[in-house]
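The next block holds one structure in the form of structure tokens; read it before the comments.
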Amino acid sequence: MRASFIAIAVWWACIVTGLIGFKEFTVQTGTEVILETRIIDPRDLFRGDYVILSYDISRFNMSDTFLDNDSIAPGGSVYVSLRIDGNGHAHPQNVYPEKPSVDVFFIKGKVHAVNNGFINIVYGIESYFVPEGKGREIEQKLREENINVRVTIDRFGNAVLTGLEDNSGNPVIQ
Amino acid sequence: MHNSMIRRWIQKGLITPEQATLLQKELNQYRSDRSSRQIVSVLSTIGALLLGIASILFVAANWQALPDWTKILIFLGVTYISYFPGIYLCYEKASFPRTGLALIFLSCLTMGASLFLAAQIYHVQANHHILVLLWLAGIVPLMFLTASRAIACLCLWLFYIWMELFIVQIAETRTGAFPGQIIMSLHVFVSIGLFAFGSLLKRSTRLLSISPIIRFFSSLCAMGILFIFTFGDFFKAVSSEYKYAYTIPADIRAMIYTSIIFAGMLLFASGLLPGKQKRTSVEEPLLLLILSAVTLFAVHPVDRFPYEYVFNAVFVITLLFSVINGYRNANMGWIAFGIFWLTVYLIARYCDMFWNLLPRSLFFAVGGILLLFWGIMLEHRRKQLRQQFGTKT
């Protein structure tokens with residue numbers, strides 16, 4: 001019985017460190033880019049304050065992409081190629097149903113919905129947690145100026161959100 | 001054992017008054033011990049629960065004074081600091097088993113809090129079903145190892161939350177309507193499967209204590225949804241959804257069939273496989289009846305089919321059989337279950353039928369009188385049954 005309890009303790013450590021390791025791999029090995037965003041701010045007692053983010057790369061007209069109705073399904077993976085300008089800002093190029101060639105910088109997303117010829121994509125970087133009580137204050141700040149999101153993307157297209165910053169590159173949350 | 005039984009034994013000459021006094025003393029001692037053990041269990045579990053909620057709220061506060069890594073280490077530290085001493089107190093030294101079990105329960109809560117803290121640091125969506133699934137995967141082995149009721153409750157709670165998040169996440173990716181009855185039917189299938197699984201656990205002496213927890217929660221969920229299915233307005237809403245030529249997506253259809261097959265297999269295993277003792281149970285046929293009715297509704301939701309009457313009949317049959325089953329097996333739990341839902345059902349039907357027919361004052365007056373009589377009758381009958389069943393309850 002003692003061995004079983006120890007095995008469970010190890011299993012717990014694997015679960016928590018596995019999640020951290022998966023995300024930390026992206027942060028350590030990925031390329032940092034800046035994405036333009038829009039924000040809505042909800043509140044939840046158990047999850048704390050967080051802002052929901054939407055990006056320019058969240059919605060595409062199907063006719064502007066390499067996708068057709070047969071190549072995508074809700075919940076399926078898609079790949080958005082990105083061009084990085086001199087300021088580190090990432091701009092969408094195209095959307096692929098398969099992983100693009102190695103020399104293309106891309107972010108991996110999931111098809112959220114397909115509506116009237118438009119495709120909505122999520123990347124797992126749509127939430128940004130802020131300290132309790134700061135949500136409204138940040139929301140107000142965001143209404144007054146444009147905000148960018150700093151994101152790290154690894155070679156597999158996985159993305160981790162690392163910060164919110166204003167147009168001058170100053171972090172919104174210290 | 002009741003005091004009245006001891007008196008009866010003296011009258012019949014089975015025991016002497018001296019033996020009766022000794023028995024009475026032993027009985028009082030046992031009751032006192034059991035009561036204090038229960039108090040310790042309840043207090044320790046509530047304490048662990050409060051500490052667990054405090055840790056989850058701490059994560060929610062996203063306190064920035066400490067670096068992220070420090071917070072993770074503190075949470076993992078608290079998890080293991082409560083886990084290993086809990087095992088020591090409960091199993092190694094076995095001197096404080098209830099407190100030990102409460103500490104293990106606390107470690108289950110803080111393990112989940114650690115997971116959510118890590119997710120928050122990397123801004124992973126907190127309502128992602130994978131997080132709940134990982135938490136569940138972490139503590140399910142402990143539920144089987146410790147047979148703790150508190151951990152079993154937590155596992156069931158997490159399982160239903162995971163299922164909800166998983167289905168909602170799929171529903172969000174669908175364009176147009178995603179009928180509520182599909183989600184509700186899936187809950188019924190899974191609850192029937194869980195109930196049958198809980199029945200299977202009764203065969204294991206070690207896991208016997210968590211069997212009622214699983215059976216109680218799953219039956220509550222299944223009956224709650226069946227109760228909703230007895231309303232005519234529900235089917236009117238459903239039939240209006242189907243005017244939009246809705247077809248169930250292939251993956252949802254696959255989920256429905258998989259859950260039906262699993263529920264059927266578990267029912268088969270709990271009802272037909274040889275157990276330690278022979279028993280005559282109406283549970284499995286009854287569950288099979290519910291499973292069949294809900295399956296028909298989930299895969300063939302034609303608005304002209306009289307589902308309202310089918311589910312009213314199934315609901316009433318289920319309640320009647322649960323009461324009959326309670327009488328046959330001298331089980332107050334089954335009777336209370338049947339009576340509770342029958343009361344809820346009768347109130348709902350009374351409101352359905354008389355809300356528009358009677359003046360409001362008369363509606364409430366008649367309803368109040370009927371409920372009072374029903375309550376008096378139940379109380380009287382409950383006393384009789386308690387005496388009749390004696391220790392079996």
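The values are calculated or read from the model by the stated rules, or taken from the named source; none is laboratory data. This structure is a prediction, so every number in the text was calculated from the model and none was measured. Positions of Cβ are backbone-derived with ideal geometry, glycine not excepted, and every protein chain shown enters the neighbour counts.
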Condition check for B:Ala119: surrounded by 23 or more Cβ atoms within 10 Å (Cβ to Cβ) and under 30 Å from B:Ser259 (Cβ atoms): yes
May I ask you to verify whether B:Phe363 is farther than 18 Å from B:Phe195 by Cβ, part of a helix (DSSP H, G or I) and of a type in the set (A, V, I, L, M, F, W, C)? yes
First in the stretch A:17-34 and more than 10 Å from chain B (Cβ to nearest Cβ), second anywhere and loosely packed, with under 14 Cβ neighbours inside 10 Å and charged (D, E, K, R), Cβ under 8 Å, 6 or more apart: A:Thr29/A:Arg155; A:Gly30/A:Arg155
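Conditions (1) at pLDDT below 85; (2) assigned by TED's automatic domain parsing to the domain that holds B:Leu154; (3) not β-branched (Val, Ile, Thr), marked per residue:
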{"residue": "B:Ile6", "(1), (2), (3)": "yes, no, no"}
{"residue": "B:Val42", "(1), (2), (3)": "yes, yes, no"}
{"residue": "B:Thr45", "(1), (2), (3)": "yes, yes, no"}
{"residue": "B:Gly52", "(1), (2), (3)": "yes, yes, yes"}
{"residue": "B:Val78", "(1), (2), (3)": "no, yes, no"}
{"residue": "B:Tyr88", "(1), (2), (3)": "no, yes, yes"}
{"residue": "B:Ser95", "(1), (2), (3)": "yes, yes, yes"}
{"residue": "B:Ser107", "(1), (2), (3)": "no, yes, yes"}
{"residue": "B:Leu115", "(1), (2), (3)": "no, yes, yes"}
Expected output for the stretch A:112-134 (first residue free of Cβ contacts under 8 Å to residues at least 12 places away in the same chain, partner assigned to a loop (DSSP other than H, G, I, E, B), Cβ below 6 Å, 6+ apart or cross-chain) is A:Asn115/B:Thr175
Quick check, is B:Leu115 in contact with a Gly (Cβ under 9 Å, 6 or more places away or on another chain), farther than 21 Å from B:Leu208 by Cα and more than 10 Å from chain A (Cβ to nearest Cβ)? no
Name the single residue, out of those in the stretch B:77-89 being surrounded by 14 or more Cβ atoms within 10 Å (Cβ to Cβ) and free of Cβ contacts under 8 Å to residues at least 12 places away in the same chain, that is nearest to the other protein chains (Cβ to nearest Cβ). B:Phe84
Of the residues in the stretch B:37-70 that are more than 10 Å from every other protein chain (Cβ to nearest Cβ) and β-branched (Val, Ile, Thr), the one that is surrounded by the most Cβ atoms within 10 Å (Cβ to Cβ) is B:Thr45
Go through the stretch B:85-120 and count every residue that is in a helix (DSSP H, G or I), over 28 Å from the mean Cα position of the chain (by Cα) and hydroxyl-bearing (Ser, Thr, Tyr). 1
Does B:Ile74 satisfy being within 23 Å of A:Pro131 (Cβ to Cβ), surrounded by 14 or more Cβ atoms within 10 Å (Cβ to Cβ) and either more than 24 Å from the chain's Cα centre (by Cα) or not assigned by TED's automatic domain parsing to the domain that holds B:Ala147 (or both)? yes
Checking B:Ala137, B:Ala150, B:Ala177 in turn, the sole residue that is surrounded by fewer than 18 Cβ atoms within 10 Å (Cβ to Cβ), more than 30 Å from B:Pro285 (Cβ to Cβ) and at pLDDT 90 or above turns out to be B:Ala137
Among (1) surrounded by fewer than 20 Cβ atoms within 10 Å (Cβ to Cβ); (2) facing chain A (nearest Cβ under 7 Å), the one test that B:Asn127 misses: (2)
Looking at the structure I just gave you, is B:Ser292 of a type in the set (S, T, N, Q), in a helix (DSSP H, G or I) and modelled with pLDDT under 80? no
Counting only residues that are closer than 13 Å to A:Leu35 by Cβ and within 14 Å of chain B (Cβ to nearest Cβ), how many does the stretch A:138-174 have? 11
Mind listing whichever residues of the stretch B:22-78 are outside any helix (DSSP H, G or I) and either touching a helix residue (DSSP H, G or I) at 6+ places or on another chain (Cβ under 9 Å) or hydrophobic (A, V, I, L, M, F, W, C) (or both)? B:Asn62, B:Trp63, B:Ala65, B:Leu66
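For (1) at pLDDT 90 or above; (2) buried (at least 21 other Cβ atoms within 10 Å of the Cβ); (3) in a loop (DSSP other than H, G, I, E, B), each residue gets a yes or a no:
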site: B:Ile161; (1), (2), (3): yes, no, no
site: B:Phe166; (1), (2), (3): no, no, no
site: B:Ser191; (1), (2), (3): yes, yes, no
site: B:Ser204; (1), (2), (3): no, no, yes
site: B:Ile210; (1), (2), (3): yes, yes, no
site: B:Met223; (1), (2), (3): yes, yes, no
site: B:Ser239; (1), (2), (3): no, no, no
Scan the stretch A:114-137 and tell me whether some residue there is away from chain B (no Cβ under 14 Å) and in contact with a helix residue (DSSP H, G or I) (Cβ under 8 Å, 6 or more places away or on another chain). no
Check B:Leu370, B:Leu357 and return the single one that is among the hydrophobic types (A, V, I, L, M, F, W, C), in a loop (DSSP other than H, G, I, E, B) and exposed (fewer than 14 other Cβ atoms within 10 Å of the Cβ). B:Leu357
